[in-house]
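Okay, so here's the structure we're looking at.
The numbers here are math on the coordinates, done by the rules we state, and not lab data. Worth saying up front: this structure is predicted, and the values here are computed from it rather than measured. When we count neighbours, we look across all protein chains shown, and the Cβ atoms used for this are built from the backbone with ideal geometry, even at glycine.
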Amino acid sequence: MKNLTRHRKIIFENMKSRMDHPTAKMVYDSARNLTDKLSFATVYNSLEYLVEAGLIKKLDINSESARYDAMLENHAHLICKSCGRVKDYASKDFINLFKVDNFHFHSDDISITIRGTCTDCKDSISTH
């Protein structure tokens, strides 16, 4: 496995500072001014490297573009069908439903997606 290059470190730090589950383009837009010669391809390839290295996750949420998450602890994702915002939902009670003892199965990863409408969108819909 290759070492973290300067660009990969910048992208990883960018990911760790975010809670918006960005696309590669979102990371590129926020990181391109932090270093010289940062191309979109470098950002995309670095994100894929970070996923393979287990440092971030690539979300399986059926969006137009791949979304990434630096929170590695098991948690659910709440996805607004109206604006597309992705929020984290971490609850020990929620995650405990999927303990190994309940299913006689060892899980490596738990991915839970809940789709609906966020409060902001629901409020704007009800005011129109």
Notebook entry, point to check: With a 10 Å Cβ neighbour count serving as the proxy for reagent exposure, in which order, fewest first, do 12, 105, 40 appear?
Noted result: 105, 40, 12
Check: Build a GNM of the chain with springs between Cα atoms under 10 Å: which of 117, 35, 23 gets the top mean-square fluctuation?
Finding: 35
Margin query: If I build a Gaussian network model for the chain, linking alpha-carbon pairs within less than 10 angstrom, which residue out of 71, 15, 26 has the largest mean-square fluctuation?
Written below: 26
Check: Given C-alpha coordinates of the stretch 6-69, what is the ratio Rg to Rh with the Kirkwood estimate of Rh?
Finding: 0.92
Notebook entry, point to check: Roughly what % of DSSP beta bridges within the chain run antiparallel, to the nearest 5?
Noted result: 60 percent
Note to self: Treating only the Cβ of Lys, Arg, Asp and Glu as charged (+1, +1, -1, -1), what charge dipole size does the chain show about its Cα centre? Round to the nearest 20 debye.
What the structure shows: 380 debye
Next item on the list: Could you check which residue among 114, 56, 11 shows the biggest mean-square fluctuation in a GNM of the chain with a 10 Å Cα cutoff?
Entry: 114
Next item on the list: Give me the aspartates and glutamates in straight-line cross-link reach of residue 16: C-alpha distance below 20 Å, same-chain residues under 8 apart excluded.
Entry: 29, 48, 52, 60, 69, 73, 88, 109
Item checked: Square roots of five times the Cα gyration tensor eigenvalues for the chain, Å -> 28, 23, 10
Notebook entry, point to check: Given a cut-off of under 8 Å on Cα pairs at least six residues apart, what relative contact order in percent is computed for the chain?
Noted result: 22 percent
Next item on the list: Please give the calculated 222 nm ellipticity per residue for the chain, where each DSSP H segment of at least 4 residues contributes -39500 (n - 2.57) and the sum is spread over every residue; nearest 500 deg cm²/dmol?
Entry: -10500 deg cm²/dmol
Checklist line | Dipole magnitude of the stretch 6-69 about its Cα centre (Cβ charges: Lys, Arg +1; Asp, Glu -1), debye to nearest 20 | finding: 240 debye
